[in-house]
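Novice: Just dropping this structure here.
The values are calculated or read from the model by the stated rules, or taken from the named source; none is laboratory data. Quick caveat, the model's predicted, so the values are computed rather than measured. In this analysis, Cβ positions are derived from the backbone assuming ideal geometry, glycine residues included, and neighbour counts consider all displayed protein chains.
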Amino acid sequence: MLNIEAIRQDFPILQQKTNGKPLVFLDSAASSQKPLAVIKAVDTYYREYHANVHRGIYDLSEKASAAYEQARKKIARFINAKSWRELIYTRNATESLNLVAYTWGMQHVGPGDTILVSDMEHHANLIPWQQLAKRTGAALKYIPTTTEGLIDQPAYAQLLDSTVKLVAFTLMSNVLGTITPAKAMIAQAHAVGAVAVVDGAQSVPHLPTDVQDLDCDFLAFSGHKMLGPTGIGALWGKKPLLADMEPFLTGGDMIKQVGYDRCEWNALPWKFEAGTPAIAQAIGFGYAVDYLTALGMDNVRQHEKDMVAYALEHLGRVEGLRIFGPQDPEIRGGAVSFTFGDIHPHDLASMLNYHNIAIRAGHHCAQPLHDKHGLAATARASFYIYNTLQEIDCLIEALEDARKTFEL
Ligand code: 7TS
């Protein structure tokens, strides 16, 4: 069990009030808030040991390099990677997915091949594959989801044939909350010789992650959705695949030897880390992982399940409110998208803002999914470790207030 009141004390931003009202932050699926331990780690780095990494022989640079690499080891352990060499720092999940598309994709996908992507993906796990299909002449096909937001498993099985070279899907939908049966889907992809790319942007912050057990080939995630700073994310990949891939960006730090007409790539993971990296952010990401590890990811997941169960039950009773995604908290995460009568989600979000409640409204970077359901936009409340059941009550009260204002 998490002690939510104690956790809340660790988040300075949650202590503020606007017009006497406490902040009810229900938009962690977009980006989470940061605990003091992460804020302090970044501050201390800049105050006490900032220097570029992997260069200097002097103390500051050695200290910065050690902290930067130490954070990598923590993050690799957090997802149970076999080796820290498999953990590449990127800016975010978006960059991680692009890295795979531009390197592995361009090397291994060609005309006559098929790329399979689920139809509920965030644009970050959709557009890189659209682009790859365009560039290579491969076909891009979509794994359908049911009206409830579950992977249509028979349809997936049918789409899998020997032309499929790559399957990409989210482990947790940022719109519907769906947790996909990733392990089984990965095994099915492997059975036809395809590589499996998992978008863990929503799942890694909220669920225990074990890449060895999942047996995926690549996993992409972002630091800022899991208590870490913005500007830092990760791509995990199986070593033999990474070793065989061309670099994504080239320049300093990613090389071993350079001549005027040749160069030799650096060892993993640095082969994929050209230029001065986001050092403070990586160190902060390591502290974020420490924080989550201390809480225990099973506890994090349990809290989310409790929040979602309460939200489904109580929001479900609000007349005129329609919730999307699976109704079973066991198979969904803490992003709850909904519509409320004919109130435009943007109007609703503005109205909730008067109550100092932050939710997201729009298509949440999953426009094709909204189109499929005939929706221009939805409102979305999403939860994390610092949210309480009382905050869901606040949301419901504010929705009732909106009902009066909009005469619903
Ligand atoms: N994949 C999923 C499932 C996501 O939810 C997001 C961000 C991304 C990829 C991209 O992450 P980034 O860190 O590279 O931007 N999702 C959201 C969201 O739902 N609202 O704002 C960002």
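Novice: Return the residues of the range 55-72 that are over 10 Å from residue 234 (Cβ atoms), in contact (Cβ under 8 Å) with a residue 24 or more places away in the chain and either within 16 Å of the ligand (Cβ to nearest atom) or not hydrophobic (A, V, I, L, M, F, W, C) (or both); say none if nothing qualifies.
Specialist: 68, 70
Novice: Go through the range 254-280 and count every residue that is surrounded by fewer than 17 Cβ atoms within 10 Å (Cβ to Cβ) and closer than 29 Å to residue 228 by Cα. Talk me through it step by step, then tell me what you get.
Specialist: Restricting attention to the range 254-280, the residues satisfying the condition of being surrounded by fewer than 17 Cβ atoms within 10 Å (Cβ to Cβ) are 255-264, 267, 275-276.
Narrowing further to those that are closer than 29 Å to residue 228 by Cα: 255, 267, 275-276.
The total comes to 4.
Novice: Being hydrophobic (A, V, I, L, M, F, W, C) and over 21 Å from the mean Cα position of the chain (by Cα) is the requirement here; does residue 57 meet it?
Specialist: Details: hydrophobic (A, V, I, L, M, F, W, C): yes; over 21 Å from the mean Cα position of the chain (by Cα): yes.
The answer is yes for residue 57.
Novice: Shifting gears a bit: For the range 208-269, please list each of the strands (runs of 3 or more DSSP E) lying entirely inside it that holds at least 1 residues being more than 16 Å from the ligand (Cβ to nearest atom). Break it down stepwise before answering.
Specialist: Working: elements: 218-222, 233-237, 255-259, 262-265.
Strands (runs of 3 or more DSSP E) meeting the threshold: 233-237, 255-259, 262-265.
Novice: Let me ask another. Does residue 313 satisfy the criteria of being of a type in the set (Asp, Glu), within 27 Å of residue 73 (Cβ to Cβ) and either at pLDDT below 95 or in a helix (DSSP H, G or I) (or both)?
Specialist: No: the conditions fail for residue 313.
Novice: If you don't mind, there's one more thing I want to ask. Here are the criteria: (1) of a type in the set (A, V, I, L, M); (2) more than 16 Å from the ligand (Cβ to nearest atom); (3) within 18 Å of the chain's Cα centre (by Cα); (4) not in a helix (DSSP H, G or I). Tell me which single one residue 88 does not satisfy.
Specialist: Failing condition for residue 88: (2).
Novice: When the residues of the range 323-362 are filtered to those that are outside any helix (DSSP H, G or I) and without any contact (Cβ under 8 Å) to a residue 24 or more places away in the chain, which remaining residue is farthest from the ligand (Cβ to nearest atom)? Steps first, please.
Specialist: Initially, the range 323-362 is screened for residues outside any helix (DSSP H, G or I), giving 323-328, 332-344, 355-362.
Filter once more, so that each one left must be without any contact (Cβ under 8 Å) to a residue 24 or more places away in the chain: 323, 328, 361-362.
Working: 323: 16, 328: 20, 361: 11, 362: 8 Å.
So, considering only residues that are outside any helix (DSSP H, G or I) and without any contact (Cβ under 8 Å) to a residue 24 or more places away in the chain, the one farthest from the ligand (Cβ to nearest atom) is 328.
Novice: How many residues does the range 100-124 hold that are part of a helix (DSSP H, G or I) and in contact with a Ser or Thr (Cβ under 6 Å, 6 or more places away or on another chain)?
Specialist: Adding up the residues that qualify gives 1.
Novice: Here's a follow-up. Among what's in the range 42-54 and is hydrophobic (A, V, I, L, M, F, W, C) and out of contact with any Gly (no Cβ under 9 Å at 6 or more places or on another chain), pick the residue that is farthest from the ligand (Cβ to nearest atom).
Specialist: The initial filter retains those residues of the range 42-54 that are hydrophobic (A, V, I, L, M, F, W, C), namely 42, 51, 53.
The next check asks that each one be out of contact with any Gly (no Cβ under 9 Å at 6 or more places or on another chain); those that pass are 51, 53.
On the way: 51: 27, 53: 23 Å.
Only one residue fits best here, namely 51.
Novice: Which condition does residue 13 not pass, out of (1) touching a strand residue (DSSP E or B) at 6+ places or on another chain (Cβ under 7 Å); (2) assigned to a helix (DSSP H, G or I), if it passes all the others?
Specialist: Every condition holds for residue 13 apart from (1).
Novice: Counting just the residues of the range 7-54 that are under 26 Å from the mean Cα position of the chain (by Cα) and of a type in the set (Lys, Arg), which one comes out nearest to residue 232 (Cα to Cα)?
Specialist: 34
Novice: Need the failing condition index for residue 167 against (1) outside any loop (DSSP other than H, G, I, E, B); (2) in contact with a Lys or Arg (Cβ under 9 Å, 6 or more places away or on another chain); (3) of a type in the set (Val, Ile, Thr), just the number.
Specialist: Only one criterion in (1) outside any loop (DSSP other than H, G, I, E, B); (2) in contact with a Lys or Arg (Cβ under 9 Å, 6 or more places away or on another chain); (3) of a type in the set (Val, Ile, Thr) is unmet by residue 167, namely (2).
Novice: One residue is enough: does the range 383-390 have a residue meeting the conditions over 27 Å from residue 7 (Cα atoms) and surrounded by 17 or more Cβ atoms within 10 Å (Cβ to Cβ)?
Specialist: no
Novice: Scan the range 153-191 residue by residue and report those that are among the polar types (S, T, N, Q) and within 16 Å of the ligand (Cβ to nearest atom).
Specialist: Filtering the range 153-191 down to residues among the polar types (S, T, N, Q) leaves 153, 158, 162-163, 170, 173-174, 178, 180, 188.
170, 173, 174, 178, 180, listed by residue number.
Novice: Has the range 168-179 got any residue that is surrounded by fewer than 24 Cβ atoms within 10 Å (Cβ to Cβ) and of a type in the set (S, T, N, Q)? I'd like the intermediate steps shown before the answer.
Specialist: Start the filter on the range 168-179 by keeping residues that are surrounded by fewer than 24 Cβ atoms within 10 Å (Cβ to Cβ), which leaves 179.
Subset that is of a type in the set (S, T, N, Q): none.
No, the range 168-179 contains no residue that is surrounded by fewer than 24 Cβ atoms within 10 Å (Cβ to Cβ) and of a type in the set (S, T, N, Q).
Novice: Report whether or not residue 157 is in contact with a helix residue (DSSP H, G or I) (Cβ under 9 Å, 6 or more places away or on another chain) and more than 30 Å from residue 208 (Cβ to Cβ). First the steps, then the outcome.
Specialist: Values: in contact with a helix residue (DSSP H, G or I) (Cβ under 9 Å, 6 or more places away or on another chain): yes; more than 30 Å from residue 208 (Cβ to Cβ): no.
The answer is no for residue 157.
Novice: List every residue pair whose Cβ atoms sit under 8 Å apart, with the two residues 6 or more apart in sequence or on different chains, where the first one lies in the range 21-48 and is farther than 18 Å from residue 9 by Cβ and the second, anywhere, is of a type in the set (Ser, Thr, Tyr).
Specialist: 26/382; 27/382; 29/382; 30/382; 31/230
Novice: Would you please list the contacts, defined by Cβ atoms under 6 Å and residues six or more apart or on different chains, that run from a residue in the range 73-98 that is over 22 Å from residue 167 (Cα atoms) and in the same structural domain as residue 124 (by TED's automatic domain parsing) to a residue that is within 14 Å of the ligand (Cβ to nearest atom) and part of a helix (DSSP H, G or I)?
Specialist: Within 6 Å, no pair qualifies.
Novice: Here is a further query. Are there any pairs, at least 6 apart or on different chains, whose C-beta atoms fall under 9 Å, with the first in the range 173-189 and more than 25 Å from residue 336 (Cβ to Cβ) and outside any loop (DSSP other than H, G, I, E, B) and the second within 11 Å of the ligand (Cβ to nearest atom) and of a type outside the set (S, T, N, Q), and if so, which?
Specialist: 186/198
Novice: For the list (1) at pLDDT 95 or above; (2) over 18 Å from residue 85 (Cα atoms), I need the number of the one condition that residue 252 fails.
Specialist: (1)
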